[in-house]
1. Summing Lys, Arg as +1 and Asp, Glu as -1, what charge do residues with Cβ under 10 Å from the Cβ of I42 carry, I42 excluded?
2. How far is it, in nm, from the label point at A161 to the one at Q128 when both lie 7 Å from their Cα along the line to the Cβ?
3. What does the charge add up to near G163, with Lys and Arg as +1, Asp and Glu as -1, over the other residues with Cβ less than 13 Å from its Cβ?
4. Need one number: % antiparallel among DSSP beta bridges in segment 1-154, to the nearest 5.
5. Give the distance, in whole Å, between the Cα centre of segment 1-33 and the Cα centre of segment 104-120.
6. For a Förster distance of 22 Å, can you work out the FRET efficiency between the beta-carbons of D19 and R59, rounded to the nearest 0.05?
7. As an exercise, identify the trypsin sites (Lys or Arg not before Pro) in segment 49-135 lying in DSSP coil whose Cβ has no more than 14 other Cβ atoms within 10 Å.
8. Rounded to the nearest 0.05, what FRET efficiency do R108 and E3 give with R0 = 25 Å and r taken as the Cβ-Cβ distance? Could you check?
Amino acid sequence: MGELRTLPELQGRTRVFADRADAGRVLARWLEPEWKGAEDGIVLAVPAGGVPVGLELARGLELPLDLIFVRKLHFPDNPEAGFGALGEGGVLLIDPDAERWLGPEGVRAVVAEERRALAERIRRLRGQRPPPRLAGRRVLLTDDGLASGASMRVAVREARARGAEQVEVAVPTASSDAARRVAREADRVFVANLRSGPPFAVADAYRNWRDLSTEEVAALLHPPRTGGA
């Protein structure tokens, strides 16, 4: 099991970050002694909510930023709840009780639908550019928070499958259960704002929170150029 680190002064509290960018700056200051300018280091953000966090984290640590694509498997009648996740490289994590809830055909239908949605997100945010090379590199995965931890566990497995030498996770907030699950698979997990639950909502760590569209994420990654030649 990997090491789990937290910031005791933020533990158990709500509304501790102004927004996702603020949270990314908090993480960058915290991780700076061990990660700033790390040789062969790279920050990989999970879209959509992980991108503004990742931008500030990568900027503060002076590391390149790229994306790792993961998609939650949603219950058809409750889009806010999930029973697993899948990754762009084929890693699949499914709750063992899912077939009892949905039946085998129901599970297969959701997986197929989410694969299509994931492929579309990749097309819109990465285009024809190949995924970053991870072989032999130190990888720092980030998102705006961990509720169940399923998506981040898939991201960790994807990074390892692509040859990453070291895989660590840094997130602004997480439930204690999710953080422990992810720590069983990552080398280290940094959670600034660890909270117990249920109930647990990632949004409760932020004073300003809203969902981000794919278009907004694309604009963050590729801001329009200003000024003339």
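1. Its environment carries a net charge of +1.
2. Placing both labels 7 Å along Cα→Cβ, they lie 2.6 nm apart.
3. Overall, the nearby charge balance is +3.
4. 50 percent
5. 33 Å
6. Here the calculated transfer efficiency is 0.90.
7. Numbers: sites: R59, R71, K72, R100, R108, R115, R116, R121, R123, R124, R126, R133; in loops: R126, R133.
Hits after loop and neighbour filter: R133.
8. It comes out at approximately 0.10.
The values are calculated or read from the model by the stated rules, or taken from the named source; none is laboratory data. Keep in mind the model is a prediction, meaning the values are calculated, not measured. Note that we place each Cβ from the backbone using ideal geometry, even for glycine, and neighbour counts take in every protein chain shown. Areas reflect the complete protein model, heavy atoms only, side chains present, ligands, DNA and RNA absent. Shrake-Rupley method; radii C 1.70, N 1.55, O 1.52, S 1.80 Å.
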